[in-house]
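Below is one structure; the comments refer to it alone.
Quick note: the coordinates plus some simple rules give every number you see, no bench work behind them. The shown structure was predicted, so the numbers you read here are calculated from the model rather than taken from an experiment. Positions of Cβ are generated from backbone atoms using ideal geometry, with glycine treated the same way; all protein chains shown enter the neighbour counts.
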Number of protein chains: 2
Amino acid sequence: MLSINKLTLPKNKNISVSFRVWFFAGNEKFLGKGRVELLQKIEKFGSISSAAKDMKMSYRQAWQMISEINEHSELPLVEKKLGGKSGGGATLTDAGKKAISTFKEFEKKVADFIQEESKKIKI
Amino acid sequence: MLSINKLTLPKNKNISVSFRVWFFAGNEKFLGKGRVELLQKIEKFGSISSAAKDMKMSYRQAWQMISEINEHSELPLVEKKLGGKSGGGATLTDAGKKAISTFKEFEKKVADFIQEESKKIKI
């Protein structure tokens, strides 16, 4: 006779996989999902403080991240603009835009690969 | 004339990529690097408390993780052994061994893919 346990249905018919990737420059973290999001928001708002606020982090934290990013890049990814009526702001450089697209494209390739491979998982 | 900044060497000639993957059962986390490590240590030590100690977590935390793992699996991955001279212990079931190897193989495939793809990154 089957015990009640044997009658429960398999729960794990489908396993899905989530992932994160990080770009490193040498031993130092260069870009990850959070940093890329910050860069995207700087591009959107043209301001580090607005981007920081939108990400619920302090200006100090955001600036710290940007310094680390810039430090590990041949060319700066973010540039501060001084003066002007609006009291300055920040822009993404061409290198910054390229870094975002490179990261996003890489992430997409990994996502596609994982999606295909995860169909084969049987546990 | 070149400024001193322009003379600094490119820092980012090589970008390396690190990653993490997680197996989900529905919306619930099923396996990740940490959980797999715990399962491997249970297999090694034959004991949840020894495995927990080696991972610097409490027995309670370890048991909580195992309960969650078992809960989302058709078959339990870890079984407690009761009694005996040693006062019981825990073993990995065949399903547990298979889950570890499935996760490890998947991780390896992703690592190989990322290693190849990361050679193409230019920032």
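Starting from the Cα of A:Leu82, step 7 Å along the direction of its Cβ; do the same at A:Asn70; then give the gap between the two resulting points in nm.
If labels sit at A:Leu82 and A:Asn70, their model points lie 1.2 nm apart.
How many nanometers, to one decimal and shortest first, lie between the label point of B:Lys109 and those of its other copies, if labels sit 7 Å from Cα toward Cβ?
Label point to label point, same position, other copies: 1.8 nm.
Work out the FRET efficiency for B:Thr93 and B:Glu117 from their Cβ-Cβ distance, taking R0 = 30 Å, and round it to the nearest 0.05. Mind dumping the intermediate values first?
On the way: r = 36 Å, r/R0 = 1.19.
The pair B:Thr93/B:Glu117 has a calculated efficiency of 0.25.
How far apart are the B:Lys29 label points across copies, placing each 7 Å from Cα toward Cβ, in nm, shortest first?
So the label point of B:Lys29 gives 1.6 nm to the other copies.
On a 25 Å Cα-Cα criterion, which of the cross-link pairs A:Lys33/B:Lys119; A:Lys98/B:Lys119; B:Lys80/B:Lys109; B:Lys56/B:Lys109; A:Lys33/A:Lys120 come out too long?
Numbers: A:Lys33/B:Lys119 20 Å; A:Lys98/B:Lys119 17 Å; B:Lys80/B:Lys109 32 Å; B:Lys56/B:Lys109 29 Å; A:Lys33/A:Lys120 27 Å.
Beyond 25 Å between Cα atoms: B:Lys80/B:Lys109; B:Lys56/B:Lys109; A:Lys33/A:Lys120.
How far is B:Glu43 from the same spot in each other copy, in nm, shortest first, if each label point sits 7 Å from Cα toward Cβ?
Distances between equivalent label points, in nm: 4.3.
Kirkwood hydrodynamic radius (Cα pairs, Å) of the range A:27-101? Intermediate values should be presented prior to the final figure.
Numbers: mean 1/r = 0.0818 Å⁻¹.
For the range A:27-101, inverting the mean 1/r across all distinct Cα pairs yields 12.2 Å.
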